[in-house]
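Inspection log for the structure reproduced underneath, given as structure tokens.
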Amino acid sequence: MRFAPLSRLMSRSIGFPGWILMRAYRARLAVNPNIELGSHIELDGFPFIDIRRGARLCIGNNVTLTSRNRGYHINLHSPVKLFADREGARIKIGDNTRIHGACIHAWKSVEIGNNCLIAANCQILDANGHDLSFDNVANRINTKGEAKPVVIQDNVWICANSIVLPGVTIGEGSVVSANSVVAGNIPAMSLARGNPAMVVKKF
């Protein structure tokens, strides 16, 4: 069990009442045995962090989680959401990464590398929630689906409103254009866009 001192979590000015609430929120995160925090984590607004028993969240050093619109260059529809709700599920966020109003949901594993940029309203998930179940579509509602790990390597930029689907690896240095749906692997040093996202240029 690792405890992070409150000094490891910073927040931008949010006024006196918000400051009191933020201190209480930071204290709750710091003593959660399922959360491992690096140093100098900046919270801009209140993220929604739900890490269930048996799951794990690891946040590296100098990570920024932006959950409010003020000062951000496009509209954020929701706060950052980090959700791991199954035994053994793991979310890992590398050093110097910035996540803005995005949802990351892990049933098994979502790993985001160092120096990544995850723009507003992105959805990154390692499971679909249900099986296709075409052999028995009436039973689809009762299925849970299969989880497949997601890996986003170092220095990746995922632009606003994009969706990263289960089983995807995005290679180092690549960029995913806004409003893309990433259903297959993206090689390193590539620009991808579209639905489904396709590589349009390699560097």
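Coordinate-derived values only; no laboratory data. On a predicted model such as this, the values are computed, not experimentally measured, just so you know. Cβ: placed from backbone, ideal geometry, glycine included. Neighbour counts: every protein chain shown.
Just how many pairs of Lys in the chain have C-alpha atoms closer than 22 Å, counting pairs that are eight or more places apart or on different chains? Working shown, then result.
Values: Lys81/Lys92; Lys81/Lys108; Lys81/Lys144; Lys81/Lys148; Lys92/Lys108; Lys92/Lys148; Lys108/Lys144; Lys108/Lys148.
Here the count comes out as 8.
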*Could you check which residue among His105, His130, His40 shows the biggest mean-square fluctuation in a GNM of the chain with a 10 Å Cα cutoff?*
His130
*Quick one: which residues, 5 or more positions from Thr169 or on another chain, have an amide H under 5 Å from its amide H? H modelled 1.01 Å from N in the peptide plane, none for Pro or chain starts.*
Val151, Asn185, Ile186
*Considering the chain as a Gaussian network with a 10 Å cut-off on Cα pairs, which listed residue, Ala24, Ala127, Ala178, attains the greatest mean-square fluctuation?*
Ala24
_Amide hydrogen neighbours beyond the local backbone of Ile163, cut-off 5 Å, H modeled_ = Gln123, Ser180, Val181, Val182
_Mean-square fluctuation check for the chain, GNM, Cα pairs under 10 Å: which of Leu82, Leu29, Leu21 is largest?_
Leu21
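Hey, got the dipole for the chain? About the Cα centre, +1 on K and R Cβ, -1 on D and E Cβ, debye to the nearest 20?
I would put it at about 440 debye.
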*Using the number of other C-beta atoms within 10 angstrom as an exposure proxy, rank Met22, Met198 with the fewest first.*
Met198, Met22
*Which angle from 0 to 90°, rounded to the nearest 10, does the C-alpha axis of helix 16-30 make with the longest principal axis of the chain?*
60 degrees
*Sort segment 155-203 into rounded, prolate or oblate with this rule: let a ≥ b ≥ c be the square roots of the eigenvalues of the Cα gyration tensor; rounded if a/c is under 1.5, and if a/c is not under 1.5, prolate when a/b is larger than b/c, oblate otherwise.*
rounded
